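S.K.: Can you read through this structure? Questions will come right after.
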Amino acid sequence: MIGPIMIGPSSSHTAGACRLALLARHTLQRPAERAKLTLHGSFAKTAKGHGTELALTAGILGYYPHDPRIPQALSIAKKQQLDIVFDAADLGDVHPNTVCIELENRTEKSHLTGSSLGGGSIQVFEIDAFEVRFSGRYHTLLLRHVDQTGVIAHVAQVIADNEGNIATLYSARQKKGGEAMMSIEIDKRLSQYVLDYLTHLPYIRWLRILPEVISGEGHLSGTGDVA
Amino acid sequence: MNLKQLADYPGYGSELILHEEVGEERAAREDLLEKMLLRLQEMRSSIARGLSSDEPSRTGMVGWNAKTLWGADDKLRAPLMKRVQAYAMAVNEENARMGRIVAAPTAGSAGTVPGALIGVGDHLELTDEALVMPLVLAAGIGQVISQRMFIAGSSGGCQAEIGSSAAMAAAAVCELLGGEAKAAVEAATLALMNTIGLVCDPVGGYVEVPCVSRNAFFAVHAVSAAQLALAGLESVIPPDEVVSATASIGRLLPPELRETGEGGIAATPTGRRIALKMAK
């Protein structure tokens, strides 16, 4: 709980917000051109005071929470012709610091909802209307796939065969036999070869690898469970 | 691990924290200590920038407090107190200016640990190396507390943030001055117990008022707790029960008093006027 080293003023409203947006940025393969951010609860009420809008924008630009460019993020975004809209809404019975991030470019679209839990810790719980669970503490493999028998076992086997150790795994489907999504947190990044192999499996629709956004320095450095 | 288990450890609390975090392997221990030293140095550079700057924050409510105090006459002839207060505010004014700081455990409470720990260290002319293991203990105390309660002001009020930071700082200062695990946990407990009930009511929603001065007060509060514990004083209520009590009060706080900028001093006529002016 010493850390992160970060640009102020708030570990939850600045550093955590930046990390959520950074993860959202990586759900697209190319940089976003348009972004809509819907803020809930304390995020909506105190966004200006905490630099939340700057931090979210910085994350979409690919900056980490210690980046000295964060205070200028909105003007940098403007220069790069990244069109950002902020909105406030009641997202229901969720953590007070919750944001929904919608990103778009010419060919892709993504939707991510997550919460900033305090001290810079975060949790993502929705991507493209699928339920997920991950923290940004590890490399996260996102797999959108057809709901059929043996998919989870097969993917887990491929990861194990390549010496990937799974920290957490969450899987949910929209309906039986429909589409499903897995979020898998892995101790080290999988090689490109393995990612390519997984991408080409017949039942895989879509694969993304999201970076570890909380510097992997163990629980003492502000990455602990604070919920 | 809970606080009782930490208190029961025969020796310095930081040793148990280090063991729990990285085991006994030498390279891993050195790696973690190096990262802690880096954080300590980051804290020190936030302090240096904060003490020498009077650039106003974005709202203009703070920005010169640390420098002003640092340059003021020490009428109380209490140089330790002045140092601890100035260091703590220096960090939080850097934070309010969107400068670089180390969250401990949060950014809004980031001045307490460096204010107390580096303040006492400098007062006694100790090296940064002497502060590293106490900082490990501070991190560990924060980690243990955070497993049982919210540390965000939006979840548990200011008591959750500044209470955690004061507890972490109290334990660190206690160990720095020779206190073993038992005394350090008592210091943390006394600090937390005497922070209970504090609400999060930042004016206009900015991490400035009362946050900057509050870090000065609670850095001194942490040093007080360390002093009591080093003298052998103990909390009547056991440490883990104090954490639970803090958590339950956090749950009782209405949203107005949890970092929404809608209650307490934020809701005073002047607080509202400032908020309106900033919204324009």
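All of the numbers you see were taken from the coordinates with simple rules; none came from a lab. Just so it is clear, the model here is predicted, and its values are computed rather than measured. Positions of Cβ are generated from backbone atoms using ideal geometry, with glycine treated the same way; all protein chains shown enter the neighbour counts.
S.K.: At a 4.7 angstrom Cβ threshold, list every cysteine in the protein assembly as shown that has nobody to pair with, or say none.
M.R.: A:C18, A:C100, B:C174, B:C211
S.K.: Moving to a separate point now. Sorted from largest down, what three extents in whole angstroms do the Cα atoms of the stretch B:150-280 have along their principal axes?
M.R.: Over the stretch B:150-280, Cα extents along the principal axes are 52, 26, 17 Å.
S.K.: If you don't mind, another one. Pairs B:K35/B:K82; A:K45/B:K67; A:K45/B:K277; A:K109/A:K175; A:K188/B:K35; A:K45/B:K35: which are spaced more than 27 Å apart, C-alpha to C-alpha? Mind dumping the intermediate values first?
M.R.: Working: B:K35/B:K82 29 Å; A:K45/B:K67 31 Å; A:K45/B:K277 15 Å; A:K109/A:K175 22 Å; A:K188/B:K35 20 Å; A:K45/B:K35 35 Å.
Violating the 27 Å Cα-Cα cut-off are B:K35/B:K82; A:K45/B:K67; A:K45/B:K35.
S.K.: Given the DSSP H assignment, sum -39500 (n - 2.57) over each helix run of at least 4 residues in chain B and divide by its residue total; what's the result at 222 nm in deg cm²/dmol, nearest 500? List each step's numbers first, then the result.
M.R.: Working: 13 runs with 179 residues, N = 280.
After summing the helix terms and dividing by the residues of chain B, the value is -20500 deg cm²/dmol.
S.K.: A further question follows. Measure off 7 Å from each Cα along the Cα-to-Cβ vector at B:A48 and A:E33, then give the distance between these two points in nanometres to one decimal.
M.R.: 4.6 nm
S.K.: Sticking with this structure for a sec: Considering only DSSP states other than H, G, I, E and B, which trypsin sites (Lys or Arg not before Pro) in the stretch B:59-95 qualify as loop sites with at most 14 other Cβ atoms within 10 Å?
M.R.: Details: sites: B:K67, B:K75, B:R77, B:K82, B:R83; in loops: B:K75, B:R77.
In loop regions of the stretch B:59-95 (DSSP not H, G, I, E or B), the sparsely surrounded trypsin sites (Lys or Arg not before Pro) are B:K75, B:R77.
S.K.: Alpha carbon centre of the stretch B:7-34 versus the stretch B:201-280: separation in Å?
M.R.: 31 Å
S.K.: Could you compute the net charge surrounding B:A226? Neighbours are other residues with a C-beta less than 10 Å from the C-beta of B:A226; K and R count +1, D and E count -1.
M.R.: Working: positive: none; negative: B:E175, B:E186.
Here the charged neighbours net out to -2.
S.K.: Where in the stretch B:54-74 does the label zone of B:R273 land, with the point 7 angstrom along Cα→C-beta and an amide N cut-off under 18 Å?
M.R.: Within reach of a label on B:R273: B:59-62.
S.K.: While we're on this one: Taking the Cβ-Cβ separation of A:Q81 and A:V158 as r and a Förster radius of 51 Å, what is the calculated FRET efficiency to the nearest 0.05? Mind dumping the intermediate values first?
M.R.: On the way: r = 39 Å, r/R0 = 0.77.
Between A:Q81 and A:V158 the formula returns 0.80.
S.K.: Here's another thing I want to ask about it. Expressed as a rounded percentage, what relative contact order does the stretch A:138-211 have, with Cα pairs under 8 Å and six or more residues apart? Before the final figure, lay out each step's value.
M.R.: Working: 127 pairs, mean separation 36.5, N = 74.
Taking the mean separation of contacting Cα pairs over the length of the stretch A:138-211, I get 49 percent.
S.K.: Please express the Cα-Cα pair-distance distribution P(r) of the stretch B:3-279 as a list of whole percents, one per 10 Å bin, running from 0 to the bin with the greatest distance.
M.R.: Binned Cα distances yield the sequence 8, 31, 36, 20, 5, 0.
S.K.: Regarding the protein assembly as shown, what whole-number volume in Å³ per residue does the convex hull of its Cα atoms give?
M.R.: Numbers: hull volume 75.3 nm³, N = 507.
About 148 Å³ per residue, rounded to a whole number.
S.K.: Sticking with this structure for a sec: Please work out whether the stretch A:77-149 counts as rounded, prolate or oblate from its C-alpha gyration tensor, where a ≥ b ≥ c are the square roots of the eigenvalues and a/c under 1.5 means rounded, while otherwise a/b larger than b/c means prolate and anything else oblate?
M.R.: Details: a/c = 1.62, a/b = 1.13, b/c = 1.43.
Cα axes put the stretch A:77-149 in the oblate bin.
S.K.: Under a plain spin-label model, where a point goes 7 Å from the Cα along Cα-to-Cβ, how far apart in nm are A:N105 and B:Q41?
M.R.: 3.6 nm
S.K.: Tell me the volume per residue, in Å³, of the convex hull enclosing the alpha carbons of chain A. It would help to have the intermediate numbers written out before the result.
M.R.: On the way: hull volume 27.1 nm³, N = 227.
It is 119 Å³ per residue.
S.K.: What stretch of chain A, leaving out the sites themselves, is the longest with no GluC sites (Glu not before Pro) in a DSSP loop having at most 16 other Cβ atoms within 10 Å? Please report the intermediate quantities before stating the final value.
M.R.: Values: sites that count: A:E33, A:E108, A:E163.
Longest gap between qualifying sites, sites excluded: A:34-107.
S.K.: Relative contact order (percent) for chain A, with alpha-carbon contacts under 8 angstrom and 6 or more residues of separation? Don't skip to the answer; put the middle values down first.
M.R.: Details: 514 pairs, mean separation 53.0, N = 227.
Answer for chain A is 23 percent.
S.K.: Consider a paramagnetic label point 7 Å from the Cα of B:N2 along Cα→Cβ; state which residues of the stretch B:224-254 have an amide N under 12 Å from it.
M.R.: B:238-245
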